[in-house]
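The values are calculated or read from the model by the stated rules, or taken from the named source; none is laboratory data. Note that the structure is predicted; figures quoted are calculated from it, not measured. No Cβ is skipped: glycine too gets one built from the backbone with ideal geometry, and neighbour counts run over all protein chains shown. We work out accessible area using only protein heavy atoms, side chains counted, and drop any ligands, DNA or RNA first. Shrake-Rupley method; radii C 1.70, N 1.55, O 1.52, S 1.80 Å.
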Amino acid sequence: MNINQIINFKFNFKKILYKALFIVFIIIPLLYILIMSLYLLEFNPQKYSKNPEASEKFLTGYLFIDIANTLNIFFKYDSFIVRPFLNIAKNYYDEGKKLLPDDSIEDIMWWVLYYKRMYGLTKKTQDYSMLDKLSYDDYQEIYEMIKRVPYGNIYYDVDIMTEYRLSNMLGLVMLYTNYTSNRAYEYYIKDYDKASEIYELLNIAFNKYYTYQAEKKLNYALYLDVMIDLLSTSAFKYYSENNYYDGTSKIDVTNIPLPDYICNATDTIKINEYFKKAILFTDESKLFIRSIYKGSVNYLHALHKYCPEDKEIRYRMLNVIVNKFQPMYKKGELNDR
């Protein structure tokens, strides 16, 4: 490559770089300013919110989250290109939160809207690595939000606030108890005692808000799956304490004997009822099939294998699951009662 070619290459590279930076920092923000004006028309805080100044702050911050999510198609969330937009969004969020009355949970609804894609609460998530960046203190803040959702008020009368209250709480619970990252071991060792409280809170939220929620079938399927997970917390604490599970690798719970205190626990008895509901629901909607095979059935199989109480009930439930739906186990595997 001669000197002229080198000069031309550098010149062309700079032109491409400048164009890329122009698109990222000028064109995209201008485009989203236009989108923001449409947001303000549709979600008009002055018209629909009793705290319009706070709602407008949250809405403005959401614009920058939208930009970050779009850029995440090409860049990681913690890259120098995306991070400034997340910081701006966070500043708007904090300003909006300060303007709310104490009983409002509008900030929580916006938090889920802001971060559901980043933290894997939606199938459209591009960058799951951000989960590992959450600290223990971050998870305790999520726990505090979970406690507020069933009892707080929303003073912003738009669908994204009022019709997704239950699904947002489910998202927070799944994030707090998530077992797809290093958080799992920490949860089962340090925070396992919060599972029963979260179970009760989620039941309260379900009974109060399910009727008014969008996407009822999906929310019901997630609710059943999350409740089974919460009720199995003591078993996974046992697996963790006895070095069967370190939070980083999958385990086959069907090959780990369970002690009597878990077999006889109230939570273990309750699990039967949720599996019955799951089977009935799957008769009406095939939707639950997607979640029932994640890990819940493995645990049911472990209970059937190692816990003598209700063995016949669990045997029948497993056979229904195996024979009616896509088999997780080969036929004949459940012959032993």
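Against the condition at pLDDT 90 or above, under 16 Å from Met118 (Cα atoms) and open to solvent by 80 Å² or more (accessible area, probe 1.4 Å), how does Lys76 come out, does it pass?
Details: at pLDDT 90 or above: no; under 16 Å from Met118 (Cα atoms): yes; open to solvent by 80 Å² or more (accessible area, probe 1.4 Å): yes.
Taking the combined requirement at face value, the residue does not satisfy it.
State all residues of the stretch 38-73 that are in a helix (DSSP H, G or I), more than 15 Å from Glu106 (Cα to Cα), open to solvent by less than 70 Å² (accessible area, probe 1.4 Å) and not aliphatic (A, V, I, L, M); if no residue qualifies, say none.
Those that are in a helix (DSSP H, G or I), more than 15 Å from Glu106 (Cα to Cα), open to solvent by less than 70 Å² (accessible area, probe 1.4 Å) and not aliphatic (A, V, I, L, M): Tyr39, Phe64, Asp66, Asn69, Thr70.
Collect the residues in the stretch 83-121 that are surrounded by 20 or more Cβ atoms within 10 Å (Cβ to Cβ) and among the polar types (S, T, N, Q), keeping them in residue-number order.
Matches in the stretch 83-121: Ser104 only.
So which residues in the stretch 79-124 are assigned to a helix (DSSP H, G or I), modelled with pLDDT under 95 and basic (Lys, Arg)?
The answer is Arg83, and nothing else.
For the subset of the stretch 142-185 comprising residues that are under 14 Å from Tyr212 (Cα atoms), surrounded by fewer than 19 Cβ atoms within 10 Å (Cβ to Cβ) and among the hydrophobic types (A, V, I, L, M, F, W, C), which member is nearest to the chain's Cα centre (by Cα)?
Ranking the qualifying residues of the stretch 142-185, first place goes to Ile160.
Could you please let me know if Ser196 is open to solvent by 10 Å² or more (accessible area, probe 1.4 Å), small (Gly, Ala, Ser) and over 20 Å from Gly120 (Cα atoms)?
The answer is yes for Ser196.
Which numbered condition in (1) open to solvent by less than 40 Å² (accessible area, probe 1.4 Å); (2) in contact (Cβ under 8 Å) with a residue 24 or more places away in the chain; (3) closer than 17 Å to Leu300 by Cα is the only one that Asn264 fails?
Against the list (1) open to solvent by less than 40 Å² (accessible area, probe 1.4 Å); (2) in contact (Cβ under 8 Å) with a residue 24 or more places away in the chain; (3) closer than 17 Å to Leu300 by Cα, Asn264 comes up short only on (1).
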